[in-house]
Amino acid sequence: MAYATRSDIESRFGKSSVLKWASMEGTTSRADVVAAITTALADAETEVNDMLRGGPYAIPFASVPSRITKETARLAGVLLYEARGVELEDESDDAETIGNHRKHVMDTLRNIKHGNIQLDVSVAYEMHPQVIVES
């Protein structure tokens, strides 16, 4: 089960932005756009899984929490934008905004992994503080 879809990215960033970012090297062929979005979604899902491994949840998620869908879509949009190879000075406002989105996703995933944000799914194991036993 995919964590997010094209419409999830478009809900966050808008259809025109997603189309612009997915149109590599000026191409607007439907197949190329679909391929770029599919790749960004797969890469984002992999990155989400990698960030959350070792946390309280079984990865990959069998049932995808809405928070994970939201963060995966946000990250996929970031990856689409970054894949364009835009120099920061070319579109500094967009680049700064995209950088903020990436930071938000990474911060959120770290908080989920460390139990500061709890998802509405069963945990694989409970996180307990480390107990040091002196011998």
Name the residue that is modelled with the lowest pLDDT, counting only residues in segment 60-92 that are out of contact with any helix residue (DSSP H, G or I) (no Cβ under 7 Å at 6 or more places or on another chain), more than 19 Å from LYS15 (Cα to Cα) and surrounded by fewer than 15 Cβ atoms within 10 Å (Cβ to Cβ).
GLU89
I'm trying to understand the selection: among the residues of segment 1-13, which are in contact (Cβ under 8 Å) with a residue 12 or more places away in the chain and closer than 15 Å to TYR81 by Cα?
ARG6, ILE9, ARG12, PHE13
Any pair with Cβ under 8 angstrom, 6 or more apart, that starts in segment 110-135 at a residue that is within 22 Å of LYS70 (Cβ to Cβ) and ends at one that is modelled with pLDDT under 55
HIS114/MET127; GLY115/MET127
Condition (residue is in contact with a helix residue (DSSP H, G or I) (Cβ under 6 Å, 6 or more places away or on another chain) and among the β-branched types (Val, Ile, Thr)) applied to segment 20-32: is it met by at least one residue?
no
Scan segment 14-31 for residues that are part of a helix (DSSP H, G or I), farther than 18 Å from GLY85 by Cβ and within 18 Å of the chain's Cα centre (by Cα) and jot them down.
LYS15
Considering every residue within segment 95-112, establish whether at least one is out of contact with any Gly (no Cβ under 7 Å at 6 or more places or on another chain), more than 30 Å from MET24 (Cβ to Cβ) and either modelled with pLDDT of 85 or more or polar (S, T, N, Q) (or both).
yes
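So if I check each of GLN118, GLN130, which one is over 18 Å from GLU10 (Cβ atoms) and either modelled with pLDDT of 70 or more or surrounded by 14 or more Cβ atoms within 10 Å (Cβ to Cβ) (or both)?
Values: GLN130 fails: either modelled with pLDDT of 70 or more or surrounded by 14 or more Cβ atoms within 10 Å (Cβ to Cβ) (or both).
None of the others qualify; the one that does is GLN118.
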Which one of VAL48, VAL34 is touching a Ser or Thr at 6+ places or on another chain (Cβ under 6 Å), among the aliphatic types (A, V, I, L, M), surrounded by 12 or more Cβ atoms within 10 Å (Cβ to Cβ) and part of a helix (DSSP H, G or I)?
VAL48
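The values are calculated or read from the model by the stated rules, or taken from the named source; none is laboratory data. Since the model is a prediction, treat every value here as computed from it, not as a measurement. We place every Cβ from the backbone using ideal geometry, glycine too, and count neighbours over all the protein chains shown.
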